[in-house]
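What follows draws every value from the coordinates through simple rules; no lab data is involved. Just so you know, these numbers come straight off a predicted model, no measurement behind them. Positions of Cβ are backbone-derived with ideal geometry, glycine not excepted, and every protein chain shown enters the neighbour counts.
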């Protein structure tokens, strides 16, 4: 990607590590590996011209999460909001997932300038961005 091209800011909603739902699903043993995969994936995306800014979703503090999310969405223009699978994939997170999607929809997607993106693995940030923005690694 050319250095003169405008960078694309992407807000990444990711599940707070070691939340109670992850513990209940026995995911804590894999948390370190998943965190490393996410970090690598974010680094690849940043190198390709994106500015990935993660925000943690805390299912144990849904109201606080939604307030932080709303503030972050209003803080700048976002080309995309990427919702990670660990956050949206467990049925225990459905209420906060729905609430977060509605906040994103009302804050930025309704303006027609921000894409709503969905990841399906901790190491596929670049694949999601390529699918939605047509960029090459």
Next on the checklist: I want to check the label-to-label distance for residue 61 and residue 47. Put each point 7 Å from Cα in the C-beta direction and report it in nm to one decimal.
Outcome noted: 3.4
Checklist outcome for this item: Between residue 74 and residue 33, Cβ-based FRET efficiency (R0 25 Å, step 0.05) works out to 0.15
Item to check | Separation in nanometres of the label points that stand 7 Å from Cα toward Cβ, at residue 7 and residue 133 | outcome: 1.1
Item to check | Three-way shape call for region 8-133 based on the alpha-carbon gyration tensor, with the a/c threshold at 1.5 | outcome: oblate
